[in-house]
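Asker: Provided herewith is a single structure, encoded as structure tokens, for subsequent inquiry.
The values are calculated or read from the model by the stated rules, or taken from the named source; none is laboratory data. Fair warning: this is a prediction, and the values are worked out from it, not measured in the lab. So basically every Cβ, Gly included, is an ideal-geometry build from the backbone, and we count neighbours across all protein chains shown. Calculation scope for accessible area: heavy atoms of the full protein, side chains included, ligands and nucleic acids excluded. Shrake-Rupley method; radii C 1.70, N 1.55, O 1.52, S 1.80 Å.
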Amino acid sequence: MKTLNFIAVFLVVTVVSCGTKVGGEPGSVGPDIDTVTDKTLDNYGEEQIGYKNSSAARAAEEEKEQEDLNGGGDPAEDESPGDGSYADSATVSDQSSPVSDTDNAWYPDEAVEEEPDDDMLLTDEEPLRVKSEEVTPILENPYFTTAEVDRSTFSIDVDTGSYSLVRGYLKNGELPPAESVRIEEMINYFHMRYKQPEGDTPFRLYTELSTCPWNPKHKLLMLGVQGQEVALADQPPANLVFLIDVSGSMTYSENKLPLLKKAFRMMASQMRDIDRVAIVTYAGKEALVLDSTPGSEKEKIYAALDNLEGGGSTNGSGGIQLAYEVAAENFLPEGNNRVILATDGDFNVGITDQNELVNFIATKRETGVFLSVYGFGEAWDGGNYRDEQLEQLADNGNGIYFFIDGPEEARRAFLNGLSGSLLTIAKDVKLQVAFNKEQVKAYRLVGYENRVLANDDFNNDLVDAGELGAGLSVTAFYEIIPATSGEIVPEPQPGTVEEPDTDAEVSDDDAILDEAPVTGDTFVNVRIRYKDPDADTSQLLEHPLEADDINRTVPSLKFMFAAGVTEFSMLLRHSQYLPTRDIDELLKLAKAALPADAEGAIAEFIDLVELAKDHLDGQP
């Protein structure tokens, strides 16, 4: 009944307000994110939720491309005049019609395998493939009492790979391994479209406080960070190195090397004359198949991609080393320097120790060359797909991690990459949330387990944190036990908690570590540190907020949907902090957000929940 009551209140207020923003008009706000009196409910933005790396305007551009493609011709020809105007409309805010997820016209020349009907999926028959992914169990963040620790620190995370991985498992007729469900990547797969920042700060903060849908005795604090959109024509030149796995396993599926080649053609089609790209491949040995080439020579780039063939073992580390060498040789001091790795599995030749490989990539990010990772194929195909390793490589390379489970995800990830996820607008972004002990009894950060930082590391500029790409949004939740509650704070189950690493080196300009407690009417103080992409010293923003500034008796559509994704993720992970397992109420919560479905992303999520329903209903 908890979700039914939650939805009923929402529907009543929606009718009374005659279409006004849910919860009424929030308070006023200054023009910049660093205004300390900012009532961040004003930063809600459009009443739309879409896919990461996308926008309604981008969807309209995609529809136009589909019409052009259906009329014939090469999809990569004449898509960009070479001056960046191809993606200019990506920053325009409108409400265009979404792209059909069933339209595969952008993926020509070879037939695309049809997805099986949903009715054929969750059956008693054996799964279509054998699950083979290797993972490390994820330990859940516990509750902390404010009497002992009044604040929490974490790094942002814009990766999306876990959601695509979960989708692949469910469409294959099986539940994903609980350890593969990273809550932050499930939430951040979706573009929440918070209000765009103004002024010189590259992002804007949104906060909302409402009732926790899976435990009405608790509160749920939503934190949203919205990155500034940057038109491609206004971006610095790019020095890219495509690092492509052409080992034998990449030939086993249309969703591997064939799809990869089409996807990289789409990215190359966006390149301007001032951009450059090289192509490095690896199998048993690494090879430079295309030296750094200007974006104006698209036919040369397309030919190099079309001629790629697979075969051999997987010397990924050798390919990474060569790719960084090529990126360094063509380094642009004022440009976007990045290696883009595309692979279907782990590295079985060369540097195979994960820690050694991660450390190597971490040292390279200090040179100004970042690494983004695109995983291809299926984690359940009997191969050696290493989701966790690829996520860690991207995290330590100051990049983003995508898992590409089919043509539609490839289009979303690659089509707008140059003007979205591949352009860093802020690096080493850390959030520290300090709670008022008089108003909050205990709290827990939901997800972000491998992004938790020691509180002392917030002011330490030598501690790495996540990067924010142009136009991307990040969302996080804290589950809160109010100070007035008589509830005994739940103790974590034995072996389910890991303390953050506190052995980090301390920067010379490290500021005072013991910050003043939050008192008075302030409910929470949200502090953000970030660096400009080429800077070594961070900037500090502070947002002391009263409960009345951020509280909504009736939650927004964005809150409802993101909370639904979070609850679904907790279900899949068998979370010890989820008191009930009622998937029908979860579905009602997600469906209530359908009016904000700009591109079909919410409808797709609902389909996935329904695919999982039979399995989850059958579990204790």
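Asker: Give me a count of the residues in the stretch 577-620 that are among the hydroxyl-bearing types (S, T, Y) and open to solvent by 60 Å² or more (accessible area, probe 1.4 Å).
Answerer: If we filter the stretch 577-620 for residues that are among the hydroxyl-bearing types (S, T, Y), which is where we start, we get 577, 580.
The next check asks that each one be open to solvent by 60 Å² or more (accessible area, probe 1.4 Å); those that pass are none.
Within the stretch 577-620, residues that are among the hydroxyl-bearing types (S, T, Y) and open to solvent by 60 Å² or more (accessible area, probe 1.4 Å) number 0.
Asker: Among the residues of the stretch 257-285, write down those that are more than 22 Å from D405 (Cα to Cα) and in a loop (DSSP other than H, G, I, E, B).
Answerer: Across the stretch 257-285, the qualifying residues are Q270, M271, R272, D273, I274, D275, G284, K285.
Asker: Right, something else. Give all pairs with beta carbons closer than 6 Å in which a residue from the stretch 207-218 that is within 15 Å of L571 (Cα to Cα) meets a residue that is of a type in the set (G, A, S); count only pairs at least 6 apart in sequence or on separate chains.
Answerer: What qualifies is P213/A563.
Asker: Here is a follow-up. Applying the selection to the stretch 155-172, what residues are under 17 Å from L390 (Cα atoms), part of a helix (DSSP H, G or I) and among the hydrophobic types (A, V, I, L, M, F, W, C)?
Answerer: Selection gives L165, V166.
Asker: Would you tally the residues in the stretch 318-356 being assigned to a helix (DSSP H, G or I), at pLDDT below 85 and buried (at least 19 other Cβ atoms within 10 Å of the Cβ)?
Answerer: Quick first cut of the stretch 318-356, residues assigned to a helix (DSSP H, G or I) only: 318-329, 354-356.
Next, from what is left, pick out any that are at pLDDT below 85: 318, 354-356.
Still in the list and also buried (at least 19 other Cβ atoms within 10 Å of the Cβ): 318.
Within the stretch 318-356, residues that are assigned to a helix (DSSP H, G or I), at pLDDT below 85 and buried (at least 19 other Cβ atoms within 10 Å of the Cβ) number 1.
Asker: Another question, if that's okay. Of the conditions (1) within 29 Å of N337 (Cβ to Cβ); (2) loosely packed, with under 14 Cβ neighbours inside 10 Å; (3) charged (D, E, K, R), E467 clears all except one; give me its number.
Answerer: (2)
Asker: In this structure, does A465 turn out to be of a type in the set (G, A, S) and closer than 13 Å to T153 by Cβ? Lay out the reasoning, then the answer.
Answerer: Details: of a type in the set (G, A, S): yes; closer than 13 Å to T153 by Cβ: yes.
Answer is yes for this residue.
Asker: Which count do you get for residues in the stretch 123-172 that are at pLDDT below 95 and open to solvent by 40 Å² or more (accessible area, probe 1.4 Å)?
Answerer: 16
Asker: Which condition number in (1) of a type in the set (D, E); (2) outside any helix (DSSP H, G or I); (3) under 19 Å from G345 (Cβ atoms) is the one that E409 fails?
Answerer: Of (1) of a type in the set (D, E); (2) outside any helix (DSSP H, G or I); (3) under 19 Å from G345 (Cβ atoms), only one is false for E409: (2).
Asker: Can I ask one more? When you go through L240, L288, L308 one by one, which is the residue that is of a type outside the set (G, A, S), assigned to a strand (DSSP E or B), open to solvent by 10 Å² or more (accessible area, probe 1.4 Å) and in contact (Cβ under 8 Å) with a residue 12 or more places away in the chain? Step through it out loud before you land on a result.
Answerer: Values: L240 fails: open to solvent by 10 Å² or more (accessible area, probe 1.4 Å); L308 fails: assigned to a strand (DSSP E or B).
Criteria check complete, one pass: L288.
Asker: If I go through the stretch 446-466 residue by residue, how many of them are among the charged types (D, E, K, R) and over 28 Å from E567 (Cβ atoms)?
Answerer: So the count comes out to 4.
Asker: Name the single residue that is farthest from R182 (Cα to Cα) among those in the stretch 365-390 being charged (D, E, K, R) and modelled with pLDDT of 90 or more. Don't jump to the end; show me each part of the working.
Answerer: Residues of the stretch 365-390 that are charged (D, E, K, R), as a first pass: 365-366, 378, 381, 386-388.
Filter once more, keeping what is modelled with pLDDT of 90 or more: 365-366.
Working: R365: 24, E366: 27 Å.
In this case the residue turns out to be E366.
Asker: Hey, L175 hits all of (1) part of a loop (DSSP other than H, G, I, E, B); (2) of a type in the set (A, V, I, L, M); (3) touching a Pro at 6+ places or on another chain (Cβ under 8 Å) but one; which does it fall short on?
Answerer: (3) is the only condition that L175 fails.
Asker: Right, something else. For L578, state whether it is assigned to a helix (DSSP H, G or I) and either in contact (Cβ under 8 Å) with a residue 12 or more places away in the chain or of a type in the set (D, E) (or both).
Answerer: Working: assigned to a helix (DSSP H, G or I): no; either in contact (Cβ under 8 Å) with a residue 12 or more places away in the chain or of a type in the set (D, E) (or both): yes.
Criteria not met by L578.
Asker: In addition: Quickly run through the stretch 422-450 and pick out the residues that are open to solvent by 10 Å² or more (accessible area, probe 1.4 Å) and among the polar types (S, T, N, Q).
Answerer: Within the stretch 422-450, T424, Q439, N450 qualify.
Asker: Something else: If A233 meets every condition in (1) crowded, with 21+ Cβ neighbours inside 10 Å; (2) within 27 Å of G45 (Cα to Cα); (3) out of contact with any Pro (no Cβ under 6 Å at 6 or more places or on another chain) apart from one, which number is that one?
Answerer: For A233, the failing item is (1).
Asker: Looking at the stretch 601-620, I want the residues that are basic (K, R) and modelled with pLDDT under 95 and have a partner that is part of a helix (DSSP H, G or I) and loosely packed, with under 15 Cβ neighbours inside 10 Å with Cβ atoms under 9 Å, at least 6 apart or on another chain. Which pairs are those?
Answerer: Filtered contacts from the stretch 601-620: K613/D584.
Asker: Identify the single condition in (1) modelled with pLDDT under 90; (2) of a type outside the set (V, I, T); (3) surrounded by fewer than 23 Cβ atoms within 10 Å (Cβ to Cβ); (4) outside any loop (DSSP other than H, G, I, E, B) that E254 does not satisfy, given that it satisfies every other one.
Answerer: (4)
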